[in-house]
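Participant: Okay, handing you the structure first.
The values are calculated or read from the model by the stated rules, or taken from the named source; none is laboratory data. Remember, it's a predicted structure, so these values are computed and weren't measured experimentally. Backbone-built Cβ (ideal geometry, glycine too); neighbour counts: all protein chains shown.
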Ligand code: ATR
């Protein structure tokens, strides 16, 4: 029941009306009897939005495209991982002090550990070099992976990412359809939005012989669909989505929610 003690949480992004986060967090507030709501804020001006968070004492927000990088400069404090990633996806308001975190890379780590069948992966290929790829590369480094390939359309973006992680992980760079790299891959991780709404794939599936295919987006991309029909092990981004929400919810409330219950709360929206 909403009353005058109800705390407000939400998600900031644009576009945002497709987001499953309000459904998931609201269900978890209900399940754990926390007097709070979680709503979607479609934001046009991030600076004003942050002022609004402070003015209205909104207790916490998640942050999504296109504001994860822009919001960093408005934080009063930022945790180490978010600082390294130069991106914040979770903000907690502690008595007027805004603290920024990044739970995306933790979500990816959980998904990777749970989803990959081959426990002796050697050749890891990341496709893409944007913000999502950055979180994935950081997670791989944190998992003690020493060396990866990045395949990207624009070489400059891949070089920038490599330079940012230069002392942490060895990164080799190539073009999107490097047949040799793709056929030797044990895991291919798609960090582009290619094939979300059409049947394009960022790399040629025919070049992939044995790799497990992982995507960070929770709907099956065309790469996932084609890899599945080829008999390859595929992992879409559902578990990453649930896990990043798990860590955000823990930051907001201190409660560790049941991941199956969280999955059940959004499963109809995944179709
Ligand atoms: P995000 O924060 O979601 O990662 P982003 O920073 O815009 O978004 O990065 C998008 C990634 O998808 C980039 O690697 C981009 O490649 P470029 O560096 O060449 O721009 C990749 N991407 C987007 N559209 C693409 C397309 N049609 N073909 C190939 N790669 C594409």
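Participant: When you go through 190, 152, 197 one by one, which is the residue that is at pLDDT below 95 and under 26 Å from residue 67 (Cβ atoms)?
Facilitator: Just one listed residue meets the conditions, 197.
Participant: Could you tell me which of the residues 217, 169 is touching a helix residue (DSSP H, G or I) at 6+ places or on another chain (Cβ under 7 Å) and either within 14 Å of the ligand (Cβ to nearest atom) or touching a residue at least 12 places away in the same chain (Cβ under 8 Å) (or both)?
Facilitator: 169 is the lone residue from the list that is touching a helix residue (DSSP H, G or I) at 6+ places or on another chain (Cβ under 7 Å) and either within 14 Å of the ligand (Cβ to nearest atom) or touching a residue at least 12 places away in the same chain (Cβ under 8 Å) (or both).
Participant: Anything in the stretch 153-166 that is in contact (Cβ under 8 Å) with a residue 24 or more places away in the chain, buried (at least 17 other Cβ atoms within 10 Å of the Cβ) and more than 10 Å from the ligand (Cβ to nearest atom)? List them, or say none.
Facilitator: Once the filter is applied, which keeps residues that are in contact (Cβ under 8 Å) with a residue 24 or more places away in the chain, buried (at least 17 other Cβ atoms within 10 Å of the Cβ) and more than 10 Å from the ligand (Cβ to nearest atom), the stretch 153-166 yields only 165.
Participant: Here is a further query. Scan the stretch 114-133 for residues that are near the ligand (Cβ under 9 Å from one of its atoms) and in contact with a strand residue (DSSP E or B) (Cβ under 8 Å, 6 or more places away or on another chain) and jot them down.
Facilitator: If the condition is that a residue be near the ligand (Cβ under 9 Å from one of its atoms) and in contact with a strand residue (DSSP E or B) (Cβ under 8 Å, 6 or more places away or on another chain), then 127, 128, 129, 133 are the ones that fit.
Participant: How many residues, within the stretch 85-108, are part of a helix (DSSP H, G or I) and either farther than 29 Å from residue 184 by Cβ or without any contact (Cβ under 8 Å) to a residue 40 or more places away in the chain (or both)?
Facilitator: Adding up the residues that qualify gives 1.
Participant: Next question. Regarding the stretch 25-42, can at least one residue be identified that is within 16 Å of the ligand (Cβ to nearest atom), surrounded by 13 or more Cβ atoms within 10 Å (Cβ to Cβ), at pLDDT 95 or above and outside any strand (DSSP E or B)?
Facilitator: For the stretch 25-42, residues within 16 Å of the ligand (Cβ to nearest atom), surrounded by 13 or more Cβ atoms within 10 Å (Cβ to Cβ), at pLDDT 95 or above and outside any strand (DSSP E or B): absent.
Participant: Now, a different point. For the stretch 179-193, how many residues are assigned to a loop (DSSP other than H, G, I, E, B), over 11 Å from residue 125 (Cβ atoms) and more than 13 Å from the ligand (Cβ to nearest atom)?
Facilitator: 0
Participant: Please find, among 176, 196, the residue that is touching a strand residue (DSSP E or B) at 6+ places or on another chain (Cβ under 8 Å), surrounded by fewer than 20 Cβ atoms within 10 Å (Cβ to Cβ) and assigned to a loop (DSSP other than H, G, I, E, B).
Facilitator: 176
Participant: Now, a different point. Exactly one of (1) touching a residue at least 60 places away in the same chain (Cβ under 8 Å); (2) in contact with a helix residue (DSSP H, G or I) (Cβ under 6 Å, 6 or more places away or on another chain); (3) within 24 Å of residue 242 (Cβ to Cβ) is unmet by residue 123. Its number?
Facilitator: (3) is the only condition that residue 123 fails.
Participant: Any residue in the stretch 134-142 that is at negative phi, near the ligand (Cβ under 8 Å from one of its atoms) and in contact (Cβ under 8 Å) with a residue 60 or more places away in the chain?
Facilitator: Checked against the condition, which is being at negative phi, near the ligand (Cβ under 8 Å from one of its atoms) and in contact (Cβ under 8 Å) with a residue 60 or more places away in the chain, the stretch 134-142 yields no hits at all.
Participant: Please go through the stretch 220-246 and give me each residue that is more than 21 Å from residue 262 (Cβ to Cβ) and within 15 Å of the ligand (Cβ to nearest atom), ordered by number.
Facilitator: Of everything in the stretch 220-246, those that are more than 21 Å from residue 262 (Cβ to Cβ) and within 15 Å of the ligand (Cβ to nearest atom) turn out to be 221, 222, 223.
Participant: Would a scan of the stretch 218-231 turn up a residue that is at pLDDT below 95, surrounded by 23 or more Cβ atoms within 10 Å (Cβ to Cβ) and touching a strand residue (DSSP E or B) at 6+ places or on another chain (Cβ under 8 Å)?
Facilitator: Checking the stretch 218-231: at least one residue is at pLDDT below 95, surrounded by 23 or more Cβ atoms within 10 Å (Cβ to Cβ) and touching a strand residue (DSSP E or B) at 6+ places or on another chain (Cβ under 8 Å).
Participant: Restricting to the stretch 51-78, what's the tally of residues that are under 21 Å from residue 161 (Cβ atoms) and more than 16 Å from the ligand (Cβ to nearest atom)?
Facilitator: Final tally of qualifying residues: 2.
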